[in-house]
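In what follows, a structure is listed as structure tokens, so that the remarks can point back to it.
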Amino acid sequence: MRSLLPILLLGLLAVRAQPAELNDQLPTAPGGKTWKLVWHDEFEGTKLDESKWDVPNNRRRDGWWSPKAVSVSNGYLAISTLKHGDRYLDACVRTRGKFEHAHGYYVARIKLQEQPG
């Protein structure tokens, strides 16, 4: 089972600056402020940018998070579910320790696999 996740992640802060040029519909910024793009990843290249992302490698509920379940190609991040011996592997990608900001809006474009029936 493979799930393609075309993701564009944008960290946006309300600051006094020029408006970010985005096609996404964002809420109106607080009075006297505009949105400024402060972080993004377009998933260019053939592997995950480790300067932006952390991929845990540990047990998670009934399965395991593993970097083996993550791939990048043509601007898409793919997180797969794999069977490895008696274990099921999937993945988590996160910015923990790479980028953290408590305020703003985050925009992601995601497509999940289709379920039969």
From the options F99, F43, residue that is in a loop (DSSP other than H, G, I, E, B) and either open to solvent by less than 30 Å² (accessible area, probe 1.4 Å) or among the aliphatic types (A, V, I, L, M) (or both):
F43
Does K111 meet the test of being open to solvent by 60 Å² or more (accessible area, probe 1.4 Å) and under 29 Å from A29 (Cα atoms)?
yes
Which of the residues that make up the stretch 28-47 are at pLDDT 90 or above and among the aromatic types (F, W, Y)?
F43
Scan the stretch 77-87 for residues that are in contact with a strand residue (DSSP E or B) (Cβ under 6 Å, 6 or more places away or on another chain) and loosely packed, with under 15 Cβ neighbours inside 10 Å and report the count.
2
Report, ordered by the first and then the second residue, all pairs with beta carbons closer than 8 Å, sequence separation of six or more or different chains, a first member in the stretch 101-113 that is among the aromatic types (F, W, Y), and a second member that is outside any loop (DSSP other than H, G, I, E, B) and surrounded by 12 or more Cβ atoms within 10 Å (Cβ to Cβ).
Y105/L10; Y105/L12; Y105/W35; Y106/L9; Y106/L10; Y106/G11; Y106/L12
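The values are calculated or read from the model by the stated rules, or taken from the named source; none is laboratory data. All figures in this text were calculated on a predicted structure; none of them were measured in a lab. Note that we place each Cβ from the backbone using ideal geometry, even for glycine, and neighbour counts take in every protein chain shown. Each accessible area value is taken on the protein alone, full model and side chains, heavy atoms only, with ligands, DNA and RNA left out. Shrake-Rupley method; radii C 1.70, N 1.55, O 1.52, S 1.80 Å.
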